[in-house]
Amino acid sequence: MAAKSGRRKFGPGEILWLVILTVLAVLILYPLFWIVMSSFKDYNGIFKDVWGLPEKWLFENYATAWEKGISGYFVNSLIVSAGTIFGVVLLATFAAFGICQIKSKLANICFLMILGGLLLSPQVCLLPLYMLLKNLGIKDTYFALIFPYIAFRIPVSVMLIRSFFIGIPKDLEESAIIDGASFFQIYRKIYLPLSKPIISTVVIMTAYYSWNEFIFATMFIDSTARQTIPVGLMAFSDGLMTNWGVVMAGMVIACLPITLLFILMQKSFIRGITAGSVKG
């Protein structure tokens, strides 16, 4: 029997999928490429040569965008996103660990109650949340966004982290208990270090949600000084009117943090989402 070739030949199915993926990549990446190129042009460069590269690269568009207000929106979004990520990771890992440790039907009941939050639409809660935040005196503060964001990201985060925790070998936990470790030490020294992939997944998903959320940011924040990127970009573009090069530069700046976060954590993200979706 002739030896099989080490190189795998592409069949019709693989070629078809490659063509489809290539078309999808072009459809997704080209608009991003166009925005980046337009951010280095002036008004005439954008509308007279829509598809061409900049004749003169206007790097000052980014400095202008930063000075015209993007810096404030950027910092506000960083504060809100960082607070949301910290709260979600802390509460979701604690909750998932507690559910895994309870050896009774109570754990399943608690888990189902948490998952019930997935059935609740944020839009339905706008009026009750508005009144609640107003009565608590935290409307038009960073907490007016951080607390609702944490609440709506907890269910899916607990679901993913619990699924990952179930796959951690119990031998490690039993050995730690024999050595006299407390439950908090088991959580901190065993579960958290082994759960970096799923925690990375939760961090990216939470960051993407909190950075781009628009409805709550519009309803719960009144002052311009605390507006986040999605709301701030509207006022930013209206204020600049026809200076589209600067507007495009502001959009690029707004997209950079999430893009860089995903690039840096993509391996852990993929491992975490696959592991968390096939267990328990």
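The values are calculated or read from the model by the stated rules, or taken from the named source; none is laboratory data. Predicted model, so just to flag it, every value in this text is computed and none were measured. Here Cβ is always computed from backbone atoms with ideal geometry, including for glycine, and neighbour counts include all displayed protein chains. These accessible areas exclude ligands, DNA and RNA; they are computed on the full protein's heavy atoms, side chains included. Shrake-Rupley method; radii C 1.70, N 1.55, O 1.52, S 1.80 Å.
Just a few scattered comments:
- Per-bin percent of Cα-Cα distances, the range 108-241 [5 Å]: 2, 9, 15, 15, 15, 13, 10, 9, 6, 4, 2, 1, 0, 0
- When the trypsin sites (Lys or Arg not before Pro) in the range 24-67 are filtered for DSSP coil states and for at most 15 other beta-carbon atoms within 10 Å of their beta-carbon, the remaining sites are LYS56.
- The chain - Kirkwood radius from inverse mean 1/r over Cα pairs (Å): 22.2
- Dipole of the range 137-214 computed with +1 at Lys/Arg Cβ and -1 at Asp/Glu Cβ about the Cα centre; of GLY167, THR206, VAL156, farthest Cα towards the positive end is THR206.
- Apolar share of the accessible surface for the chain: 71 percent from carbon plus sulfur atoms, 1.4 Å probe.
- Residues THR141 and PHE94, FRET efficiency given R0 of 22 Å [Cβ-Cβ distance, rounded to 0.05]: 0.35
- Sum of side-chain charges, PRO122 neighbourhood, beta-carbon under 12 Å (Lys, Arg +1; Asp, Glu -1): 0
- In nm, spacing of pseudo-spin labels at PHE86 and GLU14 (7 Å Cα→C-beta vector): 4.9
- Debye, to nearest 20: dipole size of the chain, +1 on Lys, Arg Cβ, -1 on Asp, Glu Cβ: 1000
- Among the GluC sites (Glu not before Pro) in the range 15-76, those placed in a DSSP loop whose Cβ has at most 15 other Cβ atoms within 10 Å are GLU55.
- By the combined test of axial Cα extent (at least 27 Å) and Kyte-Doolittle hydropathy (mean at least -1.0), the qualifying DSSP H helices of the chain come to 12-38, 71-101, 143-166, 244-278.
- Applying 0.36 nm per residue to the separation of LYS189 and ILE177 and subtracting their alpha-carbon distance, the gain on full extension is 3.1 nm.
- Given 13 as the ceiling on other Cβ atoms within 10 Å, longest exposed-site-free region of the chain for chymotrypsin sites (Phe, Trp or Tyr not before Pro) in DSSP loops: 60-213
- Reach of LYS41 by Cα under 12 Å, taken over aspartates and glutamates that are not fewer than 8 positions away in the same chain: ASP49, GLU55, GLU60
- For LEU24 and TRP51, a Förster radius of 22 Å and the Cβ-Cβ distance give a FRET efficiency of 0.60, rounded to the nearest 0.05.
- Placing pseudo-labels 7 Å out from each Cα toward the beta carbon at GLU60 and LEU118 gives an inter-label distance of 5.3 nm.
- Charge dipole (the chain, unit charges on Cβ, about Cα centre) - positive-most of ILE263, PHE147, SER195: SER195
- Pairs from the list LYS170/LYS267; LYS103/LYS189; LYS103/LYS170 with a Cα-Cα gap above 23 Å: LYS170/LYS267.
- Note on TRP34/CYS110: beta-carbon distance plugged into 1/(1 + (r/R0)^6) with R0 of 45 Å gives a FRET efficiency of 0.40.
- Kirkwood hydrodynamic radius of the range 184-260, from inverse mean 1/r over distinct Cα pairs, in Å: 15.0
- Angstrom value of the Kirkwood radius, inverse mean 1/r, which spans all Cα pairs in the range 1-149: 22.0
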